[in-house]
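To start, the structure itself, in structure tokens.
The values are calculated or read from the model by the stated rules, or taken from the named source; none is laboratory data. These numbers were taken from a predicted model, which means no experiment stands behind them. Cβ coordinates were reconstructed from backbone atoms using ideal geometry, including for glycine residues, and neighbour counts include every protein chain displayed. Surface accessibility is based on the protein's heavy atoms, side chains included, excluding ligands, DNA and RNA. Shrake-Rupley method; radii C 1.70, N 1.55, O 1.52, S 1.80 Å.
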Amino acid sequence: MTLDSVTQPEGDAPESGAAAVPPPQTDLDRKINEHFAGSVVRKDLVKAVKGNAIVPSYVLEYLLGQYAASDDEATIQAGIVAVRKILADHYVQRNQSELVKSTIKERGRHRVIDKVTVTLNEKDDVYQAEFANLGIKGVLVDSPTITAHPKLLVGGVWCICDVEYFHTDDARLVPWVLGSLKPIQMSNFDFDGYLAARREFTTDEWIDLLIQSIGFDPELFGRRAKLIQLVRLIPFVERNYNLVELGPKGTGKSHIFSEFSPHGMLISGGEVTVPKLFINNANGRLGLVGYWDVVAFDEFAGKKKRTDRSLVDIMKNYMANKSFSRGTSVEGAEASMVFVGNTSHTVPFMLKNSDLFDELPESYHDSAFLDRLHHYIPGWEVDTIRSEMFSNGYGFVVDYIAEVLKSMRNADYSDQYQQHFTLGSDISTRDRDGIHKTFSGLMKLLFPHGEATQAEIAEILRFSIEGRKRVKDQILRIDSTMADVRFGYSDTAGVWHAVSTLEEDEYPTHYHRHATHKASTVASDDQDDTGQVGEVVDESTKVASPPKPTLFQGHLEFQENQRGVSYETMLLPYMRGATEITIVDPYIRLPHQGRNLVDLLALLATAKDPADEIAVTLLTKEDTGEFQRQHLLMLKEIQDEASTVGIKFTVVWDETIHDRSIRADNGWRILLGRGLDIFQKGSGGQFDLGARRQEFRQVVAFGVTYIRESA
């Protein structure tokens, strides 16, 4: 069918009013249920049952795992009804606490779901519980319960409890009696079964299963974005892991640490004290690090925040040595430390005027403290959370995966790259420790069975090195006495692979403002008079140099989440002066692909003399399915619009094409790995800057090759 043969009939309206139909179960969802039956749940069910209950997701998923861990729709719906009834009957809403207390009194015994915190009453030598929502305190707890569940003493635990009422004339005794207490978390699981099931999934499938378990739709995340999300899980699977994430608001930095696991504790950065975190000298009681696997500090950033210098000193010792001293005693602990906070400036602004730790309180903006951090998550690369990003697919019940990760904390996978690669000899012990712990954590998450290919190991190793390099490069700005480091690794053939951070590739001028070492040496072949910065494919990663007078020839790689890329700098300089251009792309079908094509045609139109004409031919495949008519209408509209600005746009169907390229009659040919479809989906908001200027958008990972075919 030709474009001229299709027209838009009068009265046609977009089909946008149809009722939404839940998407069918995917092949991955079916596979997940086949191999992890009873341990997975549909992730959109949490929202369906939560209602007004102010409880962590893992509490709701614990209940859903008991009643709705199935792919049978009837079972799921019955499970939802059951969980809603349990919450209605037993979850204590604070504004209904008096009604619940009355129920306990009248019935004599009632089951409640509440957060329970226990303290030791030294005067009477008894343990006493406080129920957060029910509002009762002084409830006696026996010693065996505390021995079995010591976290009750530090921060509190969500529990299912039977509370009884027995009034006496003794005014010193509270009438509330604890009949039973069961923390909301899984008691056991089959780790060998977990490993066996892992072998049934490809690496991509397994990553998507983990992303769905966090609650996100993996289809909306690129590979690098997925790895960034998974790094947030490393503190749960790796002992004494020190992680920092700074970035814009609304990116879900603290969500994992408050909702994902019953073994993590999220506290406000301003609430931290030495007794609460480490040990109370008065009574010798251990603080949070003695009982929790992960202690995360929310709202950690803020230059003007007041901090306890003695706390910082103890934290530095703990983060380096896994121990702390108070008085004459030395105590050890395994809790990982996570610091999350918001930034108020863009990355290039911080690089130009200060450093990427600039938002931290003054006491923590200290090279000795920062050097204890193993990995820096670039929070500015993480999308602001939007409703469409949440998954309705299947993922692990949170308390199941939380127990799996906890069981692997004692394992060490840090040496599994050494048969293939060797870290640079000048990488310090502390840098090496940071790289090793991140690598070990990702290996445990992705390859718990230890079966990874050399290419997969290389990907994880590079990512681990980049996260530590981000820390060290910023420390060098703060403390000039720190030794420069050449970050990278060698393969078994002795070929050196240098590693750079994404912001280093994006903003080389600002990034290397203070640099004097070899790693900051500006490469001579990465940037040309297009102003485009990319990564030359070589045995090492280079940083682009100042513009050259001639156009670049060769191959460039662009990393996922990179900004500053546009057709104007990447493509237009190679098409100037051309009168005939052929674009080969088999898939120009979806609306966003059509908009990409229009963006390129608009650039060509603005770059030429208004009196000139350019012939642009698109070689593509025709959509012969149910959307054929929409496809043809889109291309016809583009053709008509292009003709008004002096571009003769024609379409040629070719069902044999696969590779994507652009050929111009000025002698240039451009090979495009992904064609024009290089940008990630934006927020879609009316005021999204990325919708107006391409350089403000993040890209997917792609490559481009420039070939000069004739003078």
- [ ] Scan T273, T251 and give me the residue that is in contact with a Ser or Thr (Cβ under 8 Å, 6 or more places away or on another chain) and among the hydroxyl-bearing types (S, T, Y).
- [x] T251
Task: Flag for F339 being assigned to a strand (DSSP E or B) and modelled with pLDDT of 85 or more - done: yes
Open item on the list: Restricting to segment 592-647, name every residue that is surrounded by 14 or more Cβ atoms within 10 Å (Cβ to Cβ), touching a residue at least 60 places away in the same chain (Cβ under 8 Å) and closer than 22 Å to H658 by Cα.
Closed with: Q593, N596, L597, L600, E622, Q628, L632, L635
- [ ] Could you tell me whether Q77 is under 19 Å from V157 (Cα atoms), surrounded by fewer than 17 Cβ atoms within 10 Å (Cβ to Cβ) and modelled with pLDDT of 85 or more?
- [x] no
Task: Selection count where residues are modelled with pLDDT under 85, surrounded by 20 or more Cβ atoms within 10 Å (Cβ to Cβ) and not acidic (D, E), scope segment 243-268 - done: 3
TODO: Looking only at segment 656-679, decide whether some residue is among the aromatic types (F, W, Y) and open to solvent by 60 Å² or more (accessible area, probe 1.4 Å).
DONE: no
TODO: Quick one: count up the residues across segment 364-400 that are farther than 29 Å from I478 by Cβ, β-branched (V, I, T) and surrounded by 21 or more Cβ atoms within 10 Å (Cβ to Cβ).
DONE: 2
Task: Search result, residues across segment 408-447 that are closer than 22 Å to V294 by Cα, touching a residue at least 40 places away in the same chain (Cβ under 8 Å) and among the charged types (D, E, K, R) - done: R409, R430, D431, D433, K437, K444
Task: Qualifying residues in segment 203-216 (those that are of a type in the set (D, E, K, R) and in contact (Cβ under 8 Å) with a residue 40 or more places away in the chain) - the one most open to solvent (accessible area, probe 1.4 Å) - done: E205
Open item on the list: Going through L140, L173 one at a time, which residue ends up being open to solvent by 30 Å² or more (accessible area, probe 1.4 Å) and in a strand (DSSP E or B)?
Closed with: L140
TODO: Give the residue that is farthest from L173 (Cα to Cα), with candidates limited to residues of segment 113-133 that are open to solvent by 60 Å² or more (accessible area, probe 1.4 Å), part of a strand (DSSP E or B) and free of Cβ contacts under 8 Å to residues at least 40 places away in the same chain.
DONE: T119
Task: segment 152-178 residues that are under 30 Å from G264 (Cβ atoms), paired with ones that are of a type in the set (G, A, S) and in a strand (DSSP E or B) (beta carbon under 7 Å, 6 or more apart) - done: C161/S180; D162/G179; D162/S180; V163/G179; L178/A129
Task: Among the candidates E219, E200, residue that is free of Cβ contacts under 8 Å to residues at least 12 places away in the same chain and open to solvent by 10 Å² or more (accessible area, probe 1.4 Å) - done: E219
Task: Single match in A282, A301, A335 (criterion: open to solvent by 60 Å² or more (accessible area, probe 1.4 Å) and either over 29 Å from the mean Cα position of the chain (by Cα) or not charged (D, E, K, R) (or both)) - done: A282
Open item on the list: For the condition open to solvent by less than 20 Å² (accessible area, probe 1.4 Å) and either assigned to a helix (DSSP H, G or I) or among the aliphatic types (A, V, I, L, M) (or both), what is the one hit in R468, R432, R462?
Closed with: R468
- [ ] Evaluate the following for L233: is it farther than 17 Å from V398 by Cβ, buried (at least 19 other Cβ atoms within 10 Å of the Cβ) and either under 24 Å from the mean Cα position of the chain (by Cα) or not hydrophobic (A, V, I, L, M, F, W, C) (or both)?
- [x] no
TODO: Taking N240 as the residue in question, decide whether it is buried (at least 17 other Cβ atoms within 10 Å of the Cβ) and either part of a loop (DSSP other than H, G, I, E, B) or free of Cβ contacts under 8 Å to residues at least 24 places away in the same chain (or both).
DONE: yes
Task: Restricting segment 13-64 to residues that are at pLDDT 85 or above and polar (S, T, N, Q), the residue that is nearest to G393 (Cα to Cα) - done: T26
Open item on the list: Tell me yes or no: at least one residue of segment 304-323 is open to solvent by 60 Å² or more (accessible area, probe 1.4 Å), under 19 Å from R239 (Cβ atoms) and without any contact (Cβ under 8 Å) to a residue 60 or more places away in the chain.
Closed with: yes
TODO: Please go through segment 576-616 and pick out each residue that is of a type in the set (A, V, I, L, M), assigned to a loop (DSSP other than H, G, I, E, B) and more than 34 Å from the chain's Cα centre (by Cα).
DONE: A578, A611
Task: Condition met for I457 (surrounded by fewer than 22 Cβ atoms within 10 Å (Cβ to Cβ), touching a His at 6+ places or on another chain (Cβ under 7 Å) and aliphatic (A, V, I, L, M)) - done: yes
